[in-house]
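Here's the structure we're looking at; comments come further down.
The values are calculated or read from the model by the stated rules, or taken from the named source; none is laboratory data. Fair warning: this is a prediction, and the values are worked out from it, not measured in the lab. Quick reminder, even Gly has a Cβ in these numbers, built from the backbone with ideal geometry, and neighbours come from all protein chains shown. Ligands, DNA and RNA are stripped out before the accessible areas are found, and what is left, the full protein with its side chains, is counted by its heavy atoms. Shrake-Rupley method; radii C 1.70, N 1.55, O 1.52, S 1.80 Å.
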Amino acid sequence: FALVAGVNPVYGLYAGVTPHLVGALSAGSVLMIVTVSNEMAVTTASSLESLGTYNDGTLFALTVLTGLFVLIFGLLRLGTLMRFVSEGVMTGFITGTAILIIMGQLPKMTEYESEVEGNALVEFVDWLVHFQHWDLLSIIVGLVTLATILLLNRTAAHKFSLILALIVASVLVGLAGWHVVLVGDMAEIPRSIPLPVLPDFSRWLELIVPALSLAILAAVVSTGVAQNYPNPDGSAAKPSRDWDGVGLANTISGFFQAIPTTGGLGRTEVNVSSGAKSRWSAIFSALILLLLLMTVAGVVELVPEAALAGMLIFVGYEAINQQRIGRAWRTSYTAGQVAMVLT
């Protein structure tokens, strides 16, 4: 996602530490993971492009200002406005996001990226018609990952299916000596932790509109994710409380070298699929990532990109809530149409 945003990949990794911790401690939805998402990464990229030249301090200032705007939304309790948004609208939004996750990983599982500039659907069609350029070994790695997840989900080890599938795929590539793209080929994972820095607010006036756009996006996405993953005790999601958490996470993490974040659909699905029951899952996730960065970051570089793609394709499929889609159609024909159009 940091590569999508056009920034140093390490800032994407750091977005898996501080936002995780702060979001877990302050958001109302205990299962939601506050992290980078595809929507936020794309919008961050366009925001930075509008600035022309900029430094890393400007990026961190954008993260802080985004957080402050979301925090203001939450403190003003503007989340109450979300009650006027129908379930069909939110169902369509989340379903569309899940489909985009799947479509975004297919090129990585086949090692063919579309060279056509356009929206995701145009790129998908171009990817599909150029099947002759797909890499067979990468496809096998991705399919092995998917098959391992599906098989392990039928066993007592289902809570560890995602991480075990990545290990199986990595070992397979290593033993077979296959030449496929690894995480280390995309970017070096540094052995460092996110130390505090001072953002550069000298261009704060230019950052107001981009930060406001990111804040609105972060608020809407986090609300959709929270509604898709209710709290274990059955309590309903409270958008304003979640916005407090997302806003605080961005405001603080901007001082710890992170890019703008929101409630991440893919990461939240991984969290839930792995058996999360409380906000401690996100806290431990951040602490484990810190431990990895300080110790065995080089080992993570050996994971095949196609294996990660296969895992995220499964995650995207699992995030499609078929019950909510069916409920939207049963509620009314119009609600079903709205969900379909938004998707």
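Assorted remarks:
- Compactness of segment 130-196 as Cα Rg over 2.2 N^0.38 Å, two decimals: 1.39
- Where the chain is the region considered: accessible area per residue in Å², 1.4 Å probe: 47 Å²
- Near Trp178: Cβ cut-off under 15 Å, other residues only, Lys/Arg at +1 and Asp/Glu at -1. The net charge is -4.
- Were the residues from Val129 through Arg241 laid out at 0.36 nm apart, the gain over their Cα-Cα distance would be 35.8 nm.
- Calculated [θ] (222 nm, deg cm²/dmol) that DSSP helices of n ≥ 4 give over the chain, each run adding -39,500 (n - 2.57): -21000 deg cm²/dmol
- When the P(r) of segment 1-135 is calculated, the portion above 21 Å amounts to 57% of the C-alpha pairs.
- Förster-model FRET efficiency, 30 Å R0, Ile216 and Gln323, C-beta, rounded to 0.05: 0.60
- Percent carbon-and-sulfur accessible area, the chain, ignoring ligands, DNA and RNA, probe 1.4 Å: 68 percent
- Residue with peak Gaussian network fluctuation, the chain [Cα springs, cutoff 10 Å], from Tyr14, Tyr317, Tyr54: Tyr54
- Packing around the peptides 196-209, 214-227, 259-272, 140-153, taken as the average count of other Cβ atoms within 10 Å per residue, puts them in this order, highest first: 259-272, 214-227, 140-153, 196-209.
- Extended-chain gain in nm, criterion 0.36 nm per residue less alpha-carbon gap, Ser278 and Ala176: 32.8 nm
- Here the chain is treated as an ellipsoid with the same Cα gyration tensor; its semi-axes, largest first and in whole Å, are 29, 25, 21.
- Residue-span extension gain [Asp233 to Ala120] - 0.36 nm each, minus C-alpha spacing: 37.0 nm
- Projected label points at Leu143 and Ser50, each 7 Å from Cα along the beta carbon direction, are separated by 4.5 nanometres.
- Using θ = phi - 60° in the Karplus curve 6.51 cos²θ - 1.76 cosθ + 1.60, the 3J(HN,Hα) couplings for segment 70-76 round to 5, 4, 5, 4, x, 5, 7 Hz; x is entered for Gly and Pro.
- The equivalent ellipsoid of segment 186-243 has semi-axes of 30, 21, 12 Å, largest first, where each one is the square root of 5 times an eigenvalue of the Cα gyration tensor.
- Label-point separation in nm, Glu113 to Leu3, each point 7 Å along Cα→Cβ: 0.6 nm
- Inter-part distance where segment 202-230 and segment 131-149 are each reduced to a Cα centre, Å: 35 Å
- For the chain, modelled as a GNM whose springs connect Cα atoms under 10 angstrom apart, the maximal fluctuation among Arg241, Arg77, Arg279 occurs at Arg77.
- Label-point separation in nm, Ala187 to Leu25, each point 7 Å along Cα→Cβ: 2.5 nm
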